[in-house]
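FYI, it's all coordinate maths here, none of it is from the lab. For clarity, every value in this text was computed on a predicted model and none was experimentally measured. Neighbour counts run over all protein chains shown; Cβ positions are idealised from the backbone, glycine included.
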């Protein structure tokens, strides 16, 4: 497996996936696990083994990374590899919606 990377922005309400180049013959059911941590390095906890991960507001400020274990069609597993950990933040759309709500609340108090 080569060129492993996260797909999608690590924003609250976005969905992350992974992209990689499989190079071990015919690919089988490759394993993907998602992990959260409090820091970019150090201890991470497994949170999901789905192919994609939906980021929630409760994930804000955590770091996320994916671990991918390539599996050949015959069931033989390759060496796991991990993406770099990235921080989950508020995206522009949500931030702009927040600012709009603040403005509406200010106007409603007039």
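Annotations
- One decimal place: the segment residue 57-residue 43 gains 2.9 nm when fully extended, by the rule 0.36 nm per residue minus the C-alpha distance.
- Label separation (residue 105 vs residue 5): 3.8 nm, computed from points 7 Å beyond Cα along the C-beta direction.
- Overall shape of the chain was characterised from the C-alpha gyration tensor. The equivalent ellipsoid obtained from it has semi-axes of 37, 14, 10 Å, in decreasing order.
- In the calculated pair-distance distribution of the stretch 49-110, the portion above 13 angstrom amounts to 75 percent of the Cα-Cα pairs.
- Value of [θ]222 nm, deg cm²/dmol, for the chain, DSSP H segments ≥ 4, -39500 (n - 2.57) each, nearest 500: -5000 deg cm²/dmol
- Cα long-axis angle, helix 92-108 against the chain (0 to 90 degrees, to the nearest 10): 20 degrees
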